Amino acid sequence: MRRFFPHPRMMLVLTVLWLLLVNTFNLGHLLLGLFLAWAIVHLCGDFLLHVPRVRKPLGLVLFTGKVFYDIVVANLQVVKLVLGPKSRLQPAFVEVPVGIEDEFVLSTLACIISLTPGTVSACLSSDHKTLLVHGLDVPDRDELIAAVKSRYETPLLEIFECSRT
């Protein structure tokens, strides 16, 4: 059974998204949504990552709120930087050592960094131990590394079961 339906939750989400997109609920669209979900899961199965169990669901909710808050604050800081004199900008590439070993959690960290305006995840080392981050304004490289580790990496390691703690 697992061979024909390898990701049942993903199929359910894709089917619901299909029904929302067509804005019609009838048997034909339900069957078409299920078929499309089944096909997408089978065609993209090799690209799907295993999502580790969430150890602290409330921590995940609070962390998501913190990330949204950081995105809003970073947007305001980027507006201030862009509208100010360009000579004040100090862009830099910074190598951030990471202790996350799980692929899903590591990609989540990289996405969070890229979603926060003013920073972009540029590259991940081949051993998955160093993340290259570009910052729009980086007066202190160590401060950026400490911020990424304390604000994002440490909570992710606490929230998901893949961590060593």
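The table for this structure:
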| read-out | value |
| --- | --- |
| Accessible surface of region 55-157, 1.4 Å probe, proportion on carbon and sulfur as whole % | 65 |
| C-alpha center-to-center spacing [region 1-60, region 124-141] in angstrom | 34 |
| Over the chain: helical MRE at 222 nm, DSSP H runs n ≥ 4 each giving -39500 (n - 2.57), nearest 500 | -17000 deg cm²/dmol |
| Net +/- balance of residues flanking Phe104 in space, Cβ distance below 15 Å, scoring K and R +1, D and E -1 | -3 |
| Cα-projected label distance for Cys44 with Asn26, points at 7 Å along beta-carbon direction, nm | 2.7 |
| At q = 0.22, 0.23, 0.29, 0.32 Å⁻¹, base-10 log of I(q)/I(0) for region 6-45 (Debye sum, equal scatterers on each alpha carbon) | -0.59, -0.63, -0.91, -1.04 |
| Nearest-10 value in Å² for the accessible area of Glu101, using the 1.4 Å probe | 120 |
| Solvent-accessible ranking of Lys66, Lys56, Lys80, largest area first, probe 1.4 Å | Lys80, Lys56, Lys66 |
| Three-way shape label, region 51-165, alpha-carbon gyration tensor, a/c 1.5 | oblate |
| Carbon plus sulfur fraction of accessible area for region 6-45, probe 1.4 Å, in percent | 79 |
| Probe 1.4 Å, protein heavy atoms only - accessible area per residue of region 94-165 in square angstrom | 50 |
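The values are calculated or read from the model by the stated rules, or taken from the named source; none is laboratory data. Predicted model, so just to flag it, every value in this text is computed and none were measured. Quick reminder, even Gly has a Cβ in these numbers, built from the backbone with ideal geometry, and neighbours come from all protein chains shown. The area values use the complete protein model at the heavy-atom level, side chains included, leaving out ligands, DNA and RNA. Shrake-Rupley method; radii C 1.70, N 1.55, O 1.52, S 1.80 Å.
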